[in-house]
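The values are calculated or read from the model by the stated rules, or taken from the named source; none is laboratory data. Being a predicted model, the structure only gives us computed values, none of them experimental. Positions of Cβ are backbone-derived with ideal geometry, glycine not excepted, and every protein chain shown enters the neighbour counts.
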Amino acid sequence: MNRYDLITGNGQILRILEIESDRILLIDCIKETMPVWVETSLLDEYQKCTADVLFEATNWQPISLDMLTAEQKQYMHERYTQIVSILPVLADRRARSKAIAASAADVGVTKTTIRHYLCRYLAYMDITALAPVEKQHRERALTPDEKNMRWALNQFFYSSQKQSLRTAYTMMLSEKYCDEMGVLTEKHPLFYQFRYFYRKTRKLQNYYISREGLTQYQRNKRPLLGDGVQEFASAVGTGMLDATVCDIYLVNDSGQLVGRPNLTVCIDAYSGLCCGYALTWEGGTYSLQELVQHVVTDKVTWCQRFGISIQQSEWPCDKLPGVLVTDMGKEYTSGIFEQIAELGVKIVNLPAYRPELKGVVEKFFDVIQNLYKKHLKGKGVIEPDYQERGVHDYRRDACLTIQDFETILLHCIIYYNSKRTLEQFPYTQEMLKQKILPHSNSIWNWGVTQIGANLIDVEPQVLKQIMLPRTLGKFSRHGLTVNKLRYHCEGYTEQYLKGGEVVVSYNPDDVSCVWVVDQGEYIEFDLIPSRYKGKTLTDVGEMQTAQHNLVRTVQTSQIQAEIDLARHIQTIVNRTAHSEATEIKNIRSTRKVEKQRRRNR
């Protein structure tokens, strides 16, 4: 026999703790009593056994540390610490008793508790045996009244109708605790019981989603555990697109009220830089075409058109972001905007009604409008109360044209890009070492030199052609027919003779030419009818419609003229035929008379 071996006999399972010449220190592993010295001769009938026999007898199995909770590990180590000073003096009964008493006094527990921990550990020689057993809480079955309360809460309280707790309680009594005559029964839960059950079972996530909707919960209530926009865009090159109606009324050059312009922008998610904008009266696809053109435009030259002088570093963006993030607006999901993917741009459509997912754009609109509104009060700027009854009509204050407002807007954007301080930007150690200023343009200029920057260099003309609408053109002997107009190009004789359809890109604002899209190449075709050159597609349609209507107005008179012509011809034909018949009749009559005379002779 060796130290710590397990032996069994006489219905016992014993563990050997110490061995001397004529005696052995043992502990009863089943009863978990304190160790005792036993003479060696008394153990002749005992046999050595394995730990599995002990586990089967006590219904205990060793537990992996990974399976224990943090709380169980804490208690396990605390209990082992309480008995670790007793283990060296285990064989000496007096010393062991003193160590147990000292440990109990030190931690403030009874000596019986310390003995229990000690025997538990010695029986299995495994520290996990000291871990407390996790109690399994079984959910109590709901009573009939609690089931009715849960039904009433789900039916009336957790709903979009937003009923009060008192109303839900009343509806429960009406549905579940009234007889056929509608009289309340004697045994029914009190409102205080109903309220207690609600508070005990309430979950705030369920409360917000059921009463206010999933969209409202995600926007205003959900836990904000992300790392901000930088978690979505870790480098320069992720542009977020959005549009808004400006809070100002504008007039035309004649001083007549026009309305409120639309502002469409592209903001880099990483640096917050405004990559480009489009200020238009119309939104939709037209504003997107203007926006992407402005993104790749040289901003120094653009600002000079408005009398503003800037440095290239103040507004350094002249390339297209490799990723464009939009919402589910129809202009962003249209085929025209998705054609930009031909340049290798990735388009990401965010869920609808989730403005917080593109917070940098919403922040841009908020900052820009606050910049100019405080200086343009009384100039057509809209105040928050403009929809209330009886307030001032801000349209009467309008005095700025869209050119004036765009100049003001440019100054605001330049300030936003190069002067606004980004206090919460997540600076890296390298950025701090290089002392990158907390401005969008400085962060952009640094970011474009780092690995991961995703920008696409594209010519404005190529981008313009890609963003044009497309349709099918048809080859024939008369040329290439597109939108009921004929076009031609040298070297396409075979196509004119063979016929067939081809994808064509066209400019609705100028029908002078179209471009055949062939494997990414744009081949220009010139307009054949010279009278339509330089005109818009709408103007051409109006001209063709006017010509068609003009032709239709004379069609009736033409038909009447054809009928009159037919009558005249028929009259003449009938008259000639009658004369010929009369003459023939006279000739026949004369011949008959002469023949009769001959007979009479």
Kindly provide the set of residues from segment 468-487 that are on the phi > 0 side of the Ramachandran plot and crowded, with 19+ Cβ neighbours inside 10 Å, ordered by number.
Gly479
Reported set for segment 31-70 where residues are among the acidic types (Asp, Glu) and in contact (Cβ under 8 Å) with a residue 40 or more places away in the chain is Glu32
Pairs returned, first residue in segment 360-380 that is in contact (Cβ under 8 Å) with a residue 40 or more places away in the chain and more than 14 Å from Phe405 (Cα to Cα), second residue that is in a helix (DSSP H, G or I) and of a type in the set (Val, Ile, Thr), beta-carbon separation under 8 angstrom, 6 or more apart or interchain, are Val360/Val229
Go through (1) assigned to a loop (DSSP other than H, G, I, E, B); (2) modelled with pLDDT under 75 for Ser234 and report which single condition fails.
(2)
Residues that are surrounded by fewer than 13 Cβ atoms within 10 Å (Cβ to Cβ) and out of contact with any strand residue (DSSP E or B) (no Cβ under 9 Å at 6 or more places or on another chain): which helices (runs of 4 or more DSSP H) entirely in segment 54-161 hold 2 or more of them?
70-83, 93-107, 144-152
Would you mention how many residues in segment 290-313 are surrounded by fewer than 20 Cβ atoms within 10 Å (Cβ to Cβ), part of a helix (DSSP H, G or I) and not hydrophobic (A, V, I, L, M, F, W, C)?
6
Quick one: is Thr556 surrounded by 10 or more Cβ atoms within 10 Å (Cβ to Cβ) and among the hydroxyl-bearing types (Ser, Thr, Tyr)?
no
Would it be correct to say that Gln465 is surrounded by 10 or more Cβ atoms within 10 Å (Cβ to Cβ), assigned to a helix (DSSP H, G or I), modelled with pLDDT under 85 and not hydrophobic (A, V, I, L, M, F, W, C)?
yes
Scope segment 256-272; condition in contact (Cβ under 8 Å) with a residue 40 or more places away in the chain and over 19 Å from Asn370 (Cβ atoms); matching residues:
Leu257, Val258, Cys266, Asp268, Ala269, Tyr270, Ser271
Restricting segment 1-30 to residues that are among the charged types (D, E, K, R) and part of a loop (DSSP other than H, G, I, E, B), the one surrounded by the fewest Cβ atoms within 10 Å (Cβ to Cβ) turns out to be Asp22
Is it the case that Lys595 is over 30 Å from Tyr496 (Cβ atoms) and at pLDDT 80 or above?
yes
Determine if segment 98-108 includes at least one residue that is acidic (Asp, Glu) and either within 23 Å of Leu204 (Cα to Cα) or at pLDDT 90 or above (or both).
yes
Looking only at segment 412-431, which residues are farther than 20 Å from Ser313 by Cα and either part of a helix (DSSP H, G or I) or of a type in the set (D, E, K, R) (or both)?
Glu423, Gln429, Glu430
For segment 370-419, give me each residue that is surrounded by fewer than 17 Cβ atoms within 10 Å (Cβ to Cβ), more than 30 Å from Asn441 (Cβ to Cβ) and of a type in the set (D, E, K, R).
Glu383, Asp385, Glu388, Arg389, Asp393, Arg395, Arg396
